[in-house]
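The values are calculated or read from the model by the stated rules, or taken from the named source; none is laboratory data. Keep in mind that this is a model prediction, so the values were computed, not measured. Quick reminder, even Gly has a Cβ in these numbers, built from the backbone with ideal geometry, and neighbours come from all protein chains shown. Accessible surface areas use protein heavy atoms only, side chains included; no ligands, DNA or RNA. Shrake-Rupley method; radii C 1.70, N 1.55, O 1.52, S 1.80 Å.
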Amino acid sequence: MLPLGLHFLAALGTALASLLSLLLLLAVSRQLWTLGWNVRRDRGNKLPLPKGSMGWPLLGETLHWMVQGSKFHASRREKYGNVFKTHLLGRPVIRVSGAENIRRILLGEHRLVSAQWPHSTRLLLGPNTLGNSNGELHRQRRRILARVFSHAALDSYLPGIQRLVRSRVRAWCREPAPVAVYPAAKALTFCIAVRILLGLQAADQQLDRLAATFEQLMENIFSLPVDMPFSGLRKGLKARDALHEYLETAIGEKLQAQRPLSQPDALSLMLHSARENGRELNLQELKEAAVELIFAAFSTTASASTSLVLLLLQHSEALEKVRQELGQHGLLAPCQCPLERPDNSGAQHRLGSRASRPGAEGCPPPIPPDSGSLADASAMPGESRSQSRTEPEAWHFPEAVPEREGPGCECQPLLRLDTLSRLRYLDCVVKEVLRLLPPVSGGYRTALQTFELNGCQIPKGWNIIYSIRDTQETAAVYLNPDTFDPDRFGPERDESKAGRFNYLPFGGGVRSCVGRELARVILKTLAVELSSAATWELASATYPKMQTVPVVHPVDGLKVRFHRLDGMVTK
C-alpha cells in the first residue's frame, strides 16, 4: 500500500506543479500583453492611455463583451470613467461616452477620426457601402442615397408600408397563440426592405430562404476576424455570398427589362441619382448597396418596433394619450372589414400562425412584371433614358391618395407624411423609445492622428467606439432618465435642446444615419395601426431581459397576445 500511496502523492504533486506553472504562464503572458500595448502608445504625446484592461492575449475582452452585453460597458464605465481602453474583436479599442466627448469625436470626422467598422462587418457588408467609405467617396455615396430617403420618396413608400403593417397587425390579432414580437417585427421589416424599398419580386418561399440567410449574416456581423471552418466569420461570408448570388440575378433581370417603373424604388432612385452625379453604379456596387439597405432597415427598425410595443405595453397612460391624439385627427376608427371568409379560414389561420418568425409572411404579392424595371428607372413613361438624364426634374413620384381597401371595408384613408408630422405626441413617444432603448449601442471610428480626450491620449490607429446608449442613459439634461416619459420631448420641456449630443439614436455629424426618417415613418405607422386597431398583453410571467448584441432585443422575443380593439371575434 505504501508504494501506491507514494505514487499517488507524486502524481498529485506533478499535477499541482503543472497547474501552477500554467497559471504563472498565463499571468506572465497577460502582463506582457498589457505591457506591449502600453509600449505601443504614442511616445510623442506625454498624456497617459485611458484606464482599462486589455484582457487576455489575442482574445482581449471579446468573450466578456459577448457574454455580458451592456453590463460589460456599464461595469467598466463605473470603474474607469467615460473614456476607457479595452481590446475587442482583435483590435485595441477606446470606449467613449458623454456628450462633450462624443461631440469631439463626431465633429472630428475626416480630421481626427474616420469611420472604421470591425473587420468582420467590413467584409460582410463590402467595401462599396456607405458605412465603409470615407472622404470624397463617402460624400458622393451620401448624395446618391439622399434621393432614396427624400420627402417625396418616403411619401411614395408610405402607402405600401401602411398596407403591409395593417395586414400584419390583423394577422397578429387573429393568432390564438402568443406572438413573439421581435421575430415578427423582423419579418415585417425584412419584407418592407425587400418588397417595398428594393422592389424585388421574390416569391414567398424564396423570401423565406432569403430572410433565414440574412439572419445568418446578421448573427455573425460582429465576429472574431478568423476565417476558418465553422467560425462565425465563415458562416457570415457564406450567407453574404448566397445573398449576392440572388441579388445578382434579380438586379440583372431588372436592368435588362425594358418597361419603365410606375413606382420608384430605392435601386432605381440610386441609379438615377448616381447618373445625375456623373456616375454609373456597377452590379457589385448595387448588390452591396442592396444588402446595406436591408441591413439598415431590418434589425435596427425591428429592434425599435419591438421596444415600442414593449414600452407602450408597460405604460398604458402613454398608449391612451396616443389614441386620444389619433382620435383628434380622425385616425382612431378601426377598419370594419370581414376578417376571414368561410371558405379560407384554414389558410388565414396558417398565415397568422407563421407570423412570429422572420420571413415573407404577410408580404404583399410580388410586383408584376409590367410594373417596370431599373433599365429605364430615370425615365417617365414614353421618355427615352437619354432624355431623362438631362431632365432630372422629370422624375415622378405617384401621388399617395386616400383610398379604401375593398368592398365592405370601412377604413381611414392611407397616411401621408404631413399627417404623421401633425401627430406631435406620437413623435414624442417615438423619440423617448429611441432614447431609452436605442437599437444600436454606438458607432465605430479609427484615430487618424493621436489626440487628447478627457485628459488622455487616443493613439493613432486605435479603434474608437462612441456609446449612444451610455450617453443617453447618463446625460444630466434628462430628468429621471430611467423613466419612460414622452413629455420630456414636448414643446414645454424638450430636454434634448440642452445639447445636441445628449440625444443621438441615429448618430451625428456627417455620418448620421441617412435612413433615419424612413425608420421614424415605419415606427409611427406601426404605432398608428396598433393603437387604432389592437390591444395587447404580456403572455409570459415577467417582462424579458434585454440583450444588446448585435442590436437591443428581448431574450425571449417578447411574447404578447394581440386582440382586436373593437372586440370582434375571429374564428
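For segment 512-571, give me the residue count where each residue is touching an Asp or Glu at 6+ places or on another chain (Cβ under 6 Å) and either aromatic (Phe, Trp, Tyr) or farther than 20 Å from TRP172 by Cα (or both).
Residues flagged as touching an Asp or Glu at 6+ places or on another chain (Cβ under 6 Å) and either aromatic (Phe, Trp, Tyr) or farther than 20 Å from TRP172 by Cα (or both) within segment 512-571 amount to 0.
Report yes if ALA185 is in contact with a Lys or Arg (Cβ under 7 Å, 6 or more places away or on another chain), small (Gly, Ala, Ser) and surrounded by 15 or more Cβ atoms within 10 Å (Cβ to Cβ), otherwise no.
no
When you look at HIS73, is it under 24 Å from ARG122 (Cα atoms) and touching a residue at least 12 places away in the same chain (Cβ under 8 Å), yes or no?
So HIS73 passes the test.
When you look at VAL551, is it in a helix (DSSP H, G or I), under 23 Å from the mean Cα position of the chain (by Cα) and β-branched (Val, Ile, Thr), yes or no?
In short, no.
Test each condition in (1) buried (at least 19 other Cβ atoms within 10 Å of the Cβ); (2) of a type in the set (Phe, Trp, Tyr); (3) farther than 30 Å from GLU276 by Cβ; (4) touching a residue at least 24 places away in the same chain (Cβ under 8 Å) for TRP117 and report the one that comes out false.
Unmet for TRP117, out of (1) buried (at least 19 other Cβ atoms within 10 Å of the Cβ); (2) of a type in the set (Phe, Trp, Tyr); (3) farther than 30 Å from GLU276 by Cβ; (4) touching a residue at least 24 places away in the same chain (Cβ under 8 Å): (3).
Which pairs have Cβ atoms under 9 Å, sit 6 or more apart or on different chains, and link a residue in segment 3-21 that is in a helix (DSSP H, G or I) and at pLDDT 70 or above to one that is among the hydroxyl-bearing types (Ser, Thr, Tyr) and open to solvent by less than 90 Å² (accessible area, probe 1.4 Å)?
Going by the 9 Å Cβ cut-off, there are no qualifying pairs.
Which condition number in (1) open to solvent by 10 Å² or more (accessible area, probe 1.4 Å); (2) out of contact with any strand residue (DSSP E or B) (no Cβ under 9 Å at 6 or more places or on another chain) is the one that ASN101 fails?
Here ASN101 meets the rest and fails (2).
Yes/no per residue for (1) surrounded by fewer than 20 Cβ atoms within 10 Å (Cβ to Cβ); (2) at negative phi; (3) among the aromatic types (Phe, Trp, Tyr):
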site	(1), (2), (3)
ASN480	yes, no, no
PHE489	no, yes, yes
GLY515	no, yes, no
VAL555	yes, yes, no
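For segment 29-48, does any single residue satisfy the condition of being outside any helix (DSSP H, G or I) and modelled with pLDDT of 90 or more?
Yes, some residue in segment 29-48 is outside any helix (DSSP H, G or I) and modelled with pLDDT of 90 or more.
With the checklist (1) charged (D, E, K, R); (2) part of a strand (DSSP E or B); (3) open to solvent by 30 Å² or more (accessible area, probe 1.4 Å) in hand, flag the one item ASP427 doesn't pass.
Exception for ASP427: condition (2).
Going by what's in this entry, would MET66 be described as open to solvent by 80 Å² or more (accessible area, probe 1.4 Å) and either in contact with a strand residue (DSSP E or B) (Cβ under 9 Å, 6 or more places away or on another chain) or not polar (S, T, N, Q) (or both)?
yes
Quickly run through segment 78-98 and pick out the residues that are touching a residue at least 60 places away in the same chain (Cβ under 8 Å), out of contact with any helix residue (DSSP H, G or I) (no Cβ under 8 Å at 6 or more places or on another chain) and surrounded by fewer than 21 Cβ atoms within 10 Å (Cβ to Cβ).
GLY81
Using the structure shown, decide if LEU164 is surrounded by fewer than 23 Cβ atoms within 10 Å (Cβ to Cβ) and under 30 Å from GLN457 (Cα atoms).
The answer is no for LEU164.
Residue under question is VAL440, and the condition is that it be closer than 20 Å to MET546 by Cα, aliphatic (A, V, I, L, M) and either open to solvent by 30 Å² or more (accessible area, probe 1.4 Å) or touching a residue at least 40 places away in the same chain (Cβ under 8 Å) (or both); does it hold?
It is true that VAL440 is closer than 20 Å to MET546 by Cα, aliphatic (A, V, I, L, M) and either open to solvent by 30 Å² or more (accessible area, probe 1.4 Å) or touching a residue at least 40 places away in the same chain (Cβ under 8 Å) (or both).
Just checking, which of PHE190, PHE214, PHE222 is in contact with a Ser or Thr (Cβ under 8 Å, 6 or more places away or on another chain) and of a type in the set (Phe, Trp, Tyr)?
Of the residues listed, the single one that is in contact with a Ser or Thr (Cβ under 8 Å, 6 or more places away or on another chain) and of a type in the set (Phe, Trp, Tyr) is PHE222.
Taking the condition of being of a type in the set (D, E, K, R) and modelled with pLDDT under 95, how many residues in segment 530-571 meet it?
Selection size over segment 530-571: 5.
Within segment 395-446, can you find the residues that are at pLDDT 90 or above and either within 23 Å of TYR466 (Cβ to Cβ) or in contact with a strand residue (DSSP E or B) (Cβ under 9 Å, 6 or more places away or on another chain) (or both)?
VAL430, LYS431, GLU432, VAL433, LEU434, ARG435, LEU436, LEU437, PRO438, PRO439, ARG445, THR446
Which residues, taken from segment 34-45, are free of Cβ contacts under 8 Å to residues at least 12 places away in the same chain and of a type outside the set (Gly, Ala, Ser)?
Residues satisfying the conditions are LEU35, ASN38, VAL39, ARG43.
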